[in-house]
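The values are calculated or read from the model by the stated rules, or taken from the named source; none is laboratory data. If you're wondering where the values come from, they're calculated on a predicted model, not measured in any experiment. Reconstructed Cβ throughout: ideal geometry from the backbone, glycine too, with neighbour counts over all protein chains shown.
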């Protein structure tokens with residue numbers, strides 16, 4: 001009987017080496033998968049776009065020796081970019097240079113493929129790598145690398161970056177959708193200003209803020225009602241009435257202080273919260289509003305005439321003994337007095 005052929009020791013050694021290489025590759029894949037799962041969890045843990053941008057940059061820093069990077073959001077309506085995250089290893093307060101032309105990113109988004117340029121002989125804040133963030137429906141933004149501490153971005157690193165970009169696109173889209181729904185829930189669809197629900201929330205916050213402060217700080221409340229608006233609608237139609245309300249809101253917004261809050265209270269009524277004010281300031285603001293509205297002319301095409309409306313205003317200040325209901329009631333009573341005694345005037349109580 002022939003003897004079994006013995007296995008060559010060199011073959012065994014070669015096989016062991018191949019097994020070790022495969023085990024090493026499997027371990028690397030396992031670690032990469034673990035890292036990507038952690039990144040996906042981090043990106044989806046927040047609905048704040050700036051927090052997501054910070055997590056995107058942190059993920060990139062964990063893999064690539066970068067000096068400068070940014071994350072930008074794209075506004076499809078205005079076709080502008082907003083920088084929501086910036087990294088610069090040389091400073092704690094990084095800023096995108098004002099001369100950097102963000103319009104370059106439109107080309108990247110339009111083509112829908114990763115842009116990469118060798119970093120050799122490039123200055124700071126150049127476009128080395130731009131990864132488009134998008135899906136089938138929307139262009140969301142881009143991840144940008146502007147400076148790195150290594151000769152090139154390897155193909156393995158690029159594959160990792162594109163996987164991160166995929167997770168980032170989903171996370172940012174969810175955040176933007178949430179922000180849209182939240183904004184729609186607290187704004188008036190016709191005029192674009194905040195609605196009654198949001199007003200109640202801000203009113204409680206304003207009262208709480210004043211109660212916490214030791215010094216005598218108060219705030220003012222104005223309730224504004226368009227005079228004879230039902231008769232106006234009957235004469236000119238509801239569509240033109242809507243246009244008048246929109247015009248009034250624009251005039252109010254352009255004549256209020258930055259911190260003043262305007263709200264559509266309901267129908268043809270608006271409310272304005274005026275923080276840190278006095279009776280004198282409230283009287284000046286309410287009278288200015290009344291005059292601005294009275295002077296505003298809105299063109300009515302069917303008869304080629306310019307029409308105007310007037311408003312009555314009830315004004316008051318918050319007192320330490322006030323609840324939200326008592327404050328509103330006092331301003332409402334002042335408004336009723338303004339309308340009962342002739343309209344087109346402001347009354348303070």
Residue count for segment 158-177, restricted to those that are surrounded by 17 or more Cβ atoms within 10 Å (Cβ to Cβ), modelled with pLDDT of 90 or more and over 25 Å from the mean Cα position of the chain (by Cα): 1
The lone exception for residue 255 - which of (1) under 31 Å from the mean Cα position of the chain (by Cα); (2) over 23 Å from residue 201 (Cβ atoms); (3) crowded, with 18+ Cβ neighbours inside 10 Å it fails: (3)
Candidates 213, 204, filtered to the one that is on the phi < 0 side of the Ramachandran plot and free of Cβ contacts under 8 Å to residues at least 12 places away in the same chain: 213
Search result, residues across segment 267-302 that are exposed (fewer than 12 other Cβ atoms within 10 Å of the Cβ) and either under 32 Å from the mean Cα position of the chain (by Cα) or outside the structural domain of residue 220 (by TED's automatic domain parsing) (or both): 267
Within segment 285-349, strands (runs of 3 or more DSSP E) holding 1 or more residues that are free of Cβ contacts under 8 Å to residues at least 40 places away in the same chain: 298-300, 305-307, 346-348
Yes/no for residue 255 being modelled with pLDDT under 95 and touching a helix residue (DSSP H, G or I) at 6+ places or on another chain (Cβ under 6 Å): yes
Filter pass, residue 264 being surrounded by 13 or more Cβ atoms within 10 Å (Cβ to Cβ) and in contact (Cβ under 8 Å) with a residue 60 or more places away in the chain: yes
In segment 132-156, the residues that are assigned to a loop (DSSP other than H, G, I, E, B) and either modelled with pLDDT under 90 or more than 17 Å from residue 70 (Cα to Cα) (or both): 135, 136, 137, 138, 149, 150, 151, 152, 154
Enumeration of residues in segment 64-83 that are more than 20 Å from residue 122 (Cβ to Cβ) and assigned to a loop (DSSP other than H, G, I, E, B): 76, 77, 78, 79
Positions within segment 137-156 being surrounded by 13 or more Cβ atoms within 10 Å (Cβ to Cβ) and out of contact with any strand residue (DSSP E or B) (no Cβ under 7 Å at 6 or more places or on another chain), in sequence order: 138, 152
Residue match in segment 332-345 (condition: crowded, with 20+ Cβ neighbours inside 10 Å and farther than 27 Å from residue 239 by Cβ): yes
Criterion (over 22 Å from residue 243 (Cα atoms), in contact with a helix residue (DSSP H, G or I) (Cβ under 7 Å, 6 or more places away or on another chain) and either at pLDDT 90 or above or surrounded by fewer than 17 Cβ atoms within 10 Å (Cβ to Cβ) (or both)) met by exactly one of 219, 180: 219
Some residue of segment 226-243 being in a strand (DSSP E or B) and assigned by TED's automatic domain parsing to the domain that holds residue 307: yes
Contacts under 8 angstrom Cβ, first residue in segment 111-122 being closer than 14 Å to residue 162 by Cβ, partner in a loop (DSSP other than H, G, I, E, B) and modelled with pLDDT of 80 or more, 6 or more apart: 115/127; 116/128; 116/153
